[in-house]
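What follows is a set of notes on a single structure, which appears directly below.
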């Protein structure tokens, strides 16, 4: 199938287009270190884990299926049902590094996986290693539980990324055949199944494919899956009856678990499985643009506001409950039992970024930044090869990072987030450039038909000074929009050394002028240490506050304190000093100040008594939350008791 096909004619919508991540190079500072670690350590070791853990074996289609690597659970599901998704995400993450950093070994490993997938693909295009090898007669019989299109969606995203990085289209052609099969199987036309996968993912993958192929069938299929979701009577009830099951026996009891309890345009509260929700909302945002669908955009706005106003952890983590890997009730934000899956934080980054392309509003990019520096980044260790699935906000030392997980969806997700990071920093449209994030980098952007070379010089997020230099072959009149972070209460701007008055629209400073080669913009963001308090309905955090400086949330670890931080009492007014510690895990800003500690020295074997413990003065030290659990095991707390 040719790549360029004529799309449905419609009036083009003027929207922001994210930067090509391959044209944004992190030249120093915070993100240079992280992106290099993921490229040089994370990507190779993840392939090693896939091999060691028996994942790659499932692609040996000519061999009889061996014993399960992941046994069937009481729910009837094995993690092995969706091993293909991990191949897809790993290929996607690896592909993002290849254009600027060719690696024949990694490319050969990708090609080997692609060859096996192509060899195993069925003649009608169907592609899922579990069903082809183990239960071919059961394919498309349980969309509610078994993740068939979810897995194909991640393979599809990997195929698009690999094609864009290398120009090789073998994998892309494999997945286009798989999509053709899905088109032939699902839809509202006579003879087709009116189903959709309970685990969203294929929807946003199809939009990515459409933007490469321009084939209107790909956009139509994504639109169908979103529009059909939640229609009643439920397809999942019908499907269960065909399997001879009573729909009332569904383990999660409600289709809100999959955001399929009502049509998406009617939903007002974020519910169910957190990753599924964020993948769905990301696809809805994509389709709101592609189809010029204001009703979808309005639904996204409502759901985004509900999430950030009532259900989001201060770290950008989301989904408090392990039982459904998702949401319970509004303001339910427990700390020690927080689920806050890494995948969910990454997916919130996807959703936030997509919304900002439709409507340039810092409420979206503020949350993207919060996720990036806190709730997502905490999911990977500083050495690049250990991970968290759950990102708790409090621990008594029981939490450890692992080198692989029973359900290893998170390692490849955080890897693909970081390796594609450049696209999140900038967007352009017509004669506008938007700068969403700050960090040392050099970028090449297209403003109209003009090449703009833009360079940031900064120690952000440890320092609030950002220098931006512009390189142009000839003068060009355009608007520069620079995000003023929501956490910043005092910002300044200078153009070629001259202070300018900030004209701010929806959180972005607007500077419109004719720009010349060598022009320089300087931004200054005041970075005091903030004490953050939670809404009274978030009862677990009553009487506590969290520490933030700039975009970074901090925590106190036993490794620094020598005792559990839960014993600390901090003043609401005491001075807290920020210092840069070059020796801490590659360098980071830390916070230090005075506190009181509950003294247990005179309690001996007494468990309860009528007098409270004495409080003794002591110093404390807080480190960035994303760096916790990188040293010796011990207790940790984000929310600290107030004196």
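The values are calculated or read from the model by the stated rules, or taken from the named source; none is laboratory data. From a predicted model like this one, the values you see are computed outputs, not experimental measurements. So basically every Cβ, Gly included, is an ideal-geometry build from the backbone, and we count neighbours across all protein chains shown.
Set side by side, the residues 84, 40 differ, and just one is modelled with pLDDT of 95 or more and buried (at least 18 other Cβ atoms within 10 Å of the Cβ), which is 84. Within the range 232-251, the set of residues being in contact with a helix residue (DSSP H, G or I) (Cβ under 8 Å, 6 or more places away or on another chain) and either under 16 Å from residue 273 (Cβ atoms) or touching a residue at least 40 places away in the same chain (Cβ under 8 Å) (or both) comprises 235, 236, 240, 250.
A quick yes/no check of all residues on (1) surrounded by 14 or more Cβ atoms within 10 Å (Cβ to Cβ); (2) free of Cβ contacts under 8 Å to residues at least 12 places away in the same chain; (3) more than 27 Å from residue 337 (Cβ to Cβ):
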position: 534; (1), (2), (3): yes, no, no
position: 537; (1), (2), (3): no, no, no
position: 593; (1), (2), (3): yes, no, yes
position: 597; (1), (2), (3): yes, no, no
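Against the test of being within 18 Å of the chain's Cα centre (by Cα), in contact (Cβ under 8 Å) with a residue 40 or more places away in the chain and in a helix (DSSP H, G or I), the options 367, 297 yield a single qualifying residue, 367.
The set of residues in the range 382-393 being surrounded by fewer than 20 Cβ atoms within 10 Å (Cβ to Cβ) and either more than 20 Å from residue 30 (Cβ to Cβ) or under 16 Å from the mean Cα position of the chain (by Cα) (or both) consists of 390 alone. So, residue 61, is that one buried (at least 18 other Cβ atoms within 10 Å of the Cβ) and in contact (Cβ under 8 Å) with a residue 24 or more places away in the chain or not? It is false that residue 61 is buried (at least 18 other Cβ atoms within 10 Å of the Cβ) and in contact (Cβ under 8 Å) with a residue 24 or more places away in the chain.
Does residue 319 satisfy being more than 30 Å from residue 361 (Cα to Cα) and either touching a strand residue (DSSP E or B) at 6+ places or on another chain (Cβ under 6 Å) or surrounded by fewer than 20 Cβ atoms within 10 Å (Cβ to Cβ) (or both)?
Here the answer is no, as residue 319 does not meet what is asked.
Looking at the range 184-195, which of its residues are surrounded by fewer than 19 Cβ atoms within 10 Å (Cβ to Cβ) and outside any loop (DSSP other than H, G, I, E, B)? Across the range 184-195, the qualifying residues are 184, 185, 193.
Considering (1) in contact (Cβ under 8 Å) with a residue 60 or more places away in the chain; (2) in a helix (DSSP H, G or I), the lone condition that residue 15 does not fulfil carries the number (2). Is it the case that the range 269-284 has a residue that's surrounded by fewer than 21 Cβ atoms within 10 Å (Cβ to Cβ), outside any loop (DSSP other than H, G, I, E, B) and out of contact with any strand residue (DSSP E or B) (no Cβ under 8 Å at 6 or more places or on another chain)? No, because not a single residue in the range 269-284 is surrounded by fewer than 21 Cβ atoms within 10 Å (Cβ to Cβ), outside any loop (DSSP other than H, G, I, E, B) and out of contact with any strand residue (DSSP E or B) (no Cβ under 8 Å at 6 or more places or on another chain).
Out of all the residues in the range 615-643, which are free of Cβ contacts under 8 Å to residues at least 60 places away in the same chain and surrounded by 13 or more Cβ atoms within 10 Å (Cβ to Cβ)?
Passing the criteria: 615, 618.
Residues in the range 427-443 that are within 16 Å of residue 467 (Cβ to Cβ), touching a residue at least 60 places away in the same chain (Cβ under 8 Å) and buried (at least 20 other Cβ atoms within 10 Å of the Cβ): 437, 438, 439, 440, 441, 443. Residue count for the range 371-387 under the criterion of being touching a strand residue (DSSP E or B) at 6+ places or on another chain (Cβ under 8 Å) and more than 21 Å from residue 40 (Cβ to Cβ): the result is 3. Candidates are the residues of the range 489-505 that are loosely packed, with under 14 Cβ neighbours inside 10 Å and under 35 Å from the mean Cα position of the chain (by Cα); the one that is nearest to residue 525 (Cα to Cα) is 490.
Out of 212, 226, one residue alone is modelled with pLDDT of 95 or more, touching a helix residue (DSSP H, G or I) at 6+ places or on another chain (Cβ under 9 Å), crowded, with 21+ Cβ neighbours inside 10 Å and not in a loop (DSSP other than H, G, I, E, B). It is 226.
The condition of being under 24 Å from residue 527 (Cβ atoms), modelled with pLDDT of 95 or more and assigned by TED's automatic domain parsing to the domain that holds residue 100 holds for only one of 468, 484, 418, 511, that being 418.
Residues checked against (1) surrounded by fewer than 23 Cβ atoms within 10 Å (Cβ to Cβ); (2) within 24 Å of residue 549 (Cα to Cα); (3) assigned by TED's automatic domain parsing to the domain that holds residue 435:
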site	(1), (2), (3)
326	no, no, no
332	yes, no, no
336	yes, yes, no
340	no, yes, no
343	no, no, no
356	no, yes, no
364	no, yes, no
367	no, yes, no
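In the range 307-316 there is no residue that is at positive phi, touching a helix residue (DSSP H, G or I) at 6+ places or on another chain (Cβ under 9 Å), surrounded by fewer than 18 Cβ atoms within 10 Å (Cβ to Cβ) and touching a residue at least 24 places away in the same chain (Cβ under 8 Å). Could you tell me whether residue 98 is in the same structural domain as residue 245 (by TED's automatic domain parsing), at pLDDT 95 or above and either touching a strand residue (DSSP E or B) at 6+ places or on another chain (Cβ under 7 Å) or under 18 Å from residue 127 (Cβ atoms) (or both)? For residue 98, the condition - in the same structural domain as residue 245 (by TED's automatic domain parsing), at pLDDT 95 or above and either touching a strand residue (DSSP E or B) at 6+ places or on another chain (Cβ under 7 Å) or under 18 Å from residue 127 (Cβ atoms) (or both) - is not met.
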